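Taken together, the values in this text are just the output of simple stated rules run on the coordinates, not laboratory data. Just so it is clear, the structure is predicted and the values come from calculations on it, not from any experiment. Methodologically, a virtual Cβ is constructed for each residue, glycine included, from the backbone with ideal geometry; neighbour enumeration extends over all protein chains shown.
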Amino acid sequence: MNKILKVVLTIVLLVLSQQFVKAQVGPTHFLQQVGVMDSLYSDILSESRKLYVQMPSGFDPSGNQKYPVAFILDGEIFLPTVNDVQNYYGGGFAPEMVLVGIANNTNRTRDLTTSVIREKYGMPFNEENGQAENFRKFISEELIPFIEEKYPVTGYRTLIGHSYGGLFAISTLVHQPDLFANYLAIDPSLDWDGQKLLHEAAAIMASQPYAGKALFMSLSGQLHLQNSAITIDNVMQDTTDYTLFPRSNVAFANLLREHADNGLSFGWKFYPRDLHGTIPFPSIMDGLISLFEWYQMENTDKVNSFDTPASELKTIIRYREKKLKQHFGYAEPPYPEEILNMLGHMNTEMEQLEKAKMYFELAMEYYPESANAYDAMADYYEAQNDLPNAIRFVRKAAELSDDEYYQSRIEELKNR
């Protein structure tokens, strides 16, 4: 195997294995332990609400990095699934996020349904319901400020909900869209109260701008409990109560397609082999990938090619920098520091010095508080036998870190 092929394969393997390396931790009594429990007393709800918070696998408590945040309704059930998806897709297909699972195991129907009903499908409905607006007030006025004060999160937020939680998510998109950037509504109960939310949305979605907002919505495959002849192709022709749930979902999707010029980024998927209880797993995976499609790295073939000029590579990186800022609303490094330094070292080894120096300079630019970024630039100069500059950058690293390694390296370089 020639040297170039070895280097290319090393780059690919390092990039692909990053998420697994980050996930490795020390010995524990559990194979998997997800979500640290927290709680918040709500004056609005007059009760304490349990929360489950999961930090990104790459989180460094000593650092100052902040992350986007995802709020997960029925978090006691779905946070582990969202975390699994993040562990596989975070960093490449979606940004690393702080995950906040909101417990809804008590007063679920009360908090997540959007209007008060006394009857459902011809039967009395006595469970307390219809307080979604109040629950949304709790999230906006108490929960979000609590999370933003206590955890390293930015103002870029995603909301994930299933069934009644999906109804709540779409209600929030319709009535308070700026509360979240992304909405993932899994098999939402849009049949609630005779499709009341669907009718409200018909007027609002036509006139309200949704630029910068995104929705992914899913529909499970059990379209009619008693008639297998009902399919996704003919369900809208059925008029029975048995198909009101899927018809409401399809009707809302059609409504959004009719008003595609309102700026909302919309994805919809039908899962013919899934039931209402199984659809969350694939929906969370597909939904996060869809909502963050813009986040995925572009031109990776050119980045991996040693024939791509440094000027073109820098244009690709600057484009990504601009794109991330446009979507997040704040500056975010286009690549992780490890990747920039790795590419710098690879190009140094291949004697493509212009590109190597460019990657190291970008690492210092995007991560100015990282001692490792300056130490990596010192590696570059040491490889060129430019010891004064190598010492200069190690000294900068030593100013940022009290790690004795940097002082030792300075002395080693001086003695050469």
* Asked: Taking the simple approach of a point 7 Å from Cα along Cα-to-Cβ for both residue 403 and residue 354, what is their distance in nm?
  -> 3.2 nm
* Asked: With the chain treated as a Gaussian network of Cα nodes joined by springs under 10 Å, which of 109, 308, 81 yields the largest mean-square fluctuation?
  -> 308
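Taking neighbour Cβ counts within 10 Å as the exposure measure, how do 217, 364 sort from fewest upward?
Details: 217 26, 364 18.
The fewest-first ordering by Cβ neighbours comes to 364, 217.
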* Structure fact -> Neighbours of residue 406 by Cβ distance under 11 Å: Lys/Arg at +1, Asp/Glu at -1, summed charge -4
* Asked: Full extension from residue 211 to residue 386: what is 0.36 nm times the residue separation minus their Cα-Cα distance, to one decimal in nm?
  -> 57.9 nm
* For labels at residue 278 and residue 414 in the simple 7 Å Cα→Cβ model, what's the distance in nm? -> 6.8 nm
* To do: Would you please give the residues with an amide H less than 5 Å from that of residue 215, counting only those at least 5 places away or on a separate chain, with H modeled from the backbone geometry?
  => 183, 265, 266, 267
* **With eigenvalues of the C-alpha gyration tensor scaled by 5 and rooted, segment 50-101, Å** => 18, 14, 8
* Calculated from backbone phi, Karplus (6.51, -1.76, 1.60) coupling profile of segment 260-268 in Hz, x at Gly/Pro -> 5, 7, 7, x, 6, 7, 10, x, 9
* To do: Check cross-link reach from residue 66 to the lysines: straight Cα distance under 26 Å, and skip same-chain residues fewer than eight apart.
  => 22, 50, 137, 150, 213, 314, 322, 323, 325, 396
* Asked: Which of 93, 71, 393 moves most in a GNM of the chain, Cα contacts under 10 Å?
  -> 393
* **Computed log₁₀ I(q)/I(0) - Debye formula, equal Cα scatterers, no solvent, segment 300-414, q 0.23 Å⁻¹** => -1.23
* Asked: For q = 0.13, 0.14 Å⁻¹, what log10 I(q)/I(0) does the chain give under the Debye formula with an equal point scatterer on each alpha carbon and no solvent?
  -> -1.13, -1.25
* Which stretch or stretches of segment 112-131 have amide N atoms under 17 Å from the point lying 7 Å from residue 46's Cα along the Cα→Cβ direction? -> 128-131
* Structure fact -> Taking the chain and counting helices only, DSSP H stretches of n ≥ 4 at -39,500 (n - 2.57) each over all residues, the nearest-500 ellipticity at 222 nm comes to -15000 deg cm²/dmol
* What FRET efficiency comes out for the pair residue 365/residue 178, r = Cβ-Cβ distance, R0 = 35 Å, nearest 0.05? -> 0.65
* Asked: What nm distance separates the two modelled labels at residue 311 and residue 240, each placed 7 Å from Cα along Cα→Cβ?
  -> 6.9 nm
* Structure fact -> One computes Rg over Rh for segment 121-257 from alpha-carbon atoms, with the Kirkwood Rh, and obtains 1.01
* Assuming R0 = 30 Å, can you tell me the calculated FRET efficiency for the pair residue 137 and residue 270, based on Cβ-Cβ distance, to the nearest 0.05? => 0.35
* Structure fact -> Given 188-194, 404-410, the highest-first ranking by average Cβ count within 10 Å works out to 188-194, 404-410
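Give me the number: length gained by fully extending residue 60 to residue 330, i.e. 0.36 nm times residue separation minus the C-alpha to C-alpha distance, one decimal in nm.
Going from the current span to full extension adds 95.1 nm.
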* Structure fact -> At 37 °C in a medium of viscosity 0.692 mPa s, segment 367-416 has a Stokes-Einstein diffusion coefficient, with Rh taken as the Kirkwood radius over alpha carbon pairs, in µm² per second, of 317 µm²/s
* **Linear extension gain, residue 204 paired with residue 125, 0.36 nm per residue minus alpha-carbon span** => 25.6 nm
